[in-house]
Amino acid sequence: MSKKIILALDQGTTSSRTIAYNSKGKPIATAQQDFEQLFPKNGWVEHDPEAIWQSQIKTINEVFTKGISANDVVGIGITNQRETTIVWHKDTGEPIYNAIVWQDRRTASYCDELKSTGQEELIQEKTGLIIDAYFSATKLRWILHNVAGANDLAKNGKLCFGTVDTWLIYKLTKGKVFVTDVSNASRTMLFNIHILKWDTELLNLFDIPKAILPEVKSSSEVYGHTELFDYKIPICGIAGDQQAALFGQLCTKKGMVKNTYGTGCFLLMNTGKKPVKSQNNLLSTIAWQINGKTQYALEGSVFVGGAAVQWLRDGINLINDASEIETLASSVPDSDNVVVVPAFTGLGAPYWDPYARGSIMGISRGTTKGHIARATLEGIALQVYDIVKAMESDSNMHITELRVDGGATANNLLLQIQSDIFDCDVVRPTNLETTALGAAYLAGLAVGVFKSKDALSEYWEKDKTFKPQTNKEGQLKLIKLWHKAVNRSKNWLDDN
């Protein structure tokens, strides 16, 4: 072969992308395709699985029009929106229902029932997760119990369940390969992260037949080949999007931390070879498994990060373009005691309150657009702050550096606010697409394009380091106001 190119398929919540990387880990071609978001009821979020597949295959084909040949590609890595749940017929490959997206809240009341019957300790002990509608188990149970005939088909081995990685591989291999990796399995609330197997007790709890589940593999190995193009191409890397970003940021050593600023914010800390049980409502999850060695992480999720800026643009027309918020927020020296809590879909870690809602507090006659814009950026950063403090407590480690990625990291003011609140360095790399990069690294390791994890360090480049610049007294006041506002936003929709 004339080249050694890795294709990274980055299947996200609102769009699918394919990025081609060369043997130095540099992107050389990219394509992106949006697909429709479906909201059939309040709190329900769905995707058409075929729309996911069609958008992804279009981006692959588009990359092949940009000077990339299929015979140059030595491997495909896949990273995906996690927890999103798809069920399809094993024989025909036809979905029996739309994909239920990670954001979907339809099973929140069932989760409350599980908590009321004392299942929290069992589930956390086995899976590292808290009981929440966020994860796949309750979504899968809902499909099996609400689609006519689904439960019987599942028990007779006629159905397949998968997160999006499993669905894409099934389609790429024309049904020949039915697998997932440990990082995605660990997000289902059905996988025992200690023994690395589907857990029979949990399957019984959720009334889910084992026959419906994919085989669980490592994050970096050859799972099979796609024959959809001119040449057989190995599929050889899988990781859920946030684990892929942790790997793409080369947070491969214990104690290293990254935060991805996307629609939400996802903060992960590498905790090494053993899972750390959280005492602060964080998640213990599998980061990846390579060459039989499993790495674990602590994770905290902010449901609304960059989406808060989108709301300023689309919801109340405070700005015309997302890029305008930095200028507007910089027009004032501080937020003048205004606090924005962006809990539009509830609060994630460490609060896990699906009934919380967004709020703007501290408004006075002197409040301007600039104050609200700045308070919105602070609200994003303060949500991340709460998670970092919880992580430091759980891990007994002090964080001195935060590596960041995602679209919102183009906002210098946001990162400076983050550094000031943390009182630590915030480091932005030159390549912000670390999710796809992580998938490419995992695939490249499996087929020898990259020699080792340590060898990858020469490809990671720093763009800018943001250092604390403000007085601690001012930050402590801001944090105190933030926690007061959060407490008043909690349980907003709870009638009890």
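Details
- Descending semi-axes in whole angstrom, ellipsoid equivalent of segment 295-419, from the Cα gyration tensor: 26, 16, 14
- Equivalent-ellipsoid semi-axes for the chain (Cα gyration tensor, √(5λ), whole Å, largest first): 35, 27, 21.
- In the calculated pair-distance distribution of segment 108-232, the portion above 27 angstrom amounts to 21 percent of the Cα-Cα pairs.
- Coordinate range along principal axes, alpha carbons of segment 160-200, Å, largest first: 32, 15, 13
- Surface composition of segment 222-367: carbon and sulfur make up 47 percent of the accessible area, probe 1.4 Å.
- For the chain, DSSP calls about 70 percent of its internal beta bridges antiparallel.
- Eligible aspartates and glutamates near Lys277 by straight Cα distance, threshold 15 Å, same-chain separation 8 or greater: Glu120, Glu121, Glu125, Glu299, Glu392, Asp394
- For q = 0.10, 0.12, 0.13, 0.14 Å⁻¹, Debye-computed log10 I/I(0) when each Cα of segment 344-496 counts as one equal scatterer: -0.48, -0.67, -0.76, -0.85
- Using the Cβ-Cβ distance between Asn412 and Ser69 with R0 set to 30 Å, the FRET efficiency works out to roughly 0.15.
- Helix-only mean residue ellipticity at 222 nm for the chain, each DSSP H run of n ≥ 4 adding -39500 (n - 2.57), per residue, nearest 500: -9500 deg cm²/dmol
- Extending 7 Å from Cα along the Cβ direction at Glu392 and again at Asp230 yields two label points whose distance is 5.6 nm.
- Order of exposure, largest accessible area first, which applies to Asp91, Asp314, Asp241, Asp423 with probe 1.4 Å: Asp91, Asp314, Asp423, Asp241
- Mean separation of Cα contacts under 8 Å, 6 or more apart, over the residue count of the chain: relative contact order %: 14 percent
- Residue-normalised accessible area of the chain, expressed per residue, 1.4 Å probe, Å²: 39 Å²
- In plain terms, the chain from Ala211 to Asp48 could stretch by 56.3 nm, reckoned as 0.36 nm per residue minus the Cα-Cα distance.
- Gain in span if fully extended, Ser364 to Lys3, counting 0.36 nm per residue against the direct Cα distance: 123.8 nm
- Cross-link reach list, lysines versus Lys90, counting only Cα pairs under 28 Å and skipping chain neighbours closer than eight places: Lys58, Lys139, Lys155, Lys158, Lys171, Lys174, Lys176, Lys197, Lys210, Lys217, Lys232
- The relative contact order of segment 1-64, computed from alpha carbon pairs under 8 Å that lie at least 6 residues apart in sequence, is 30 percent.
- Taking one quarter of the surface of the convex hull spanned by the alpha-carbon atoms of segment 221-286 gives a direction-averaged projected area of 6.5 nm².
The values are calculated or read from the model by the stated rules, or taken from the named source; none is laboratory data. Predicted, not measured: the structure shown is a model, and the values here were computed from it. All Cβ positions, glycine included, derive from the backbone under ideal geometry; neighbour counts span all protein chains shown. Quick note on the areas: whole protein, heavy atoms, side chains included, nothing else; ligands and nucleic acids left out. Shrake-Rupley method; radii C 1.70, N 1.55, O 1.52, S 1.80 Å.
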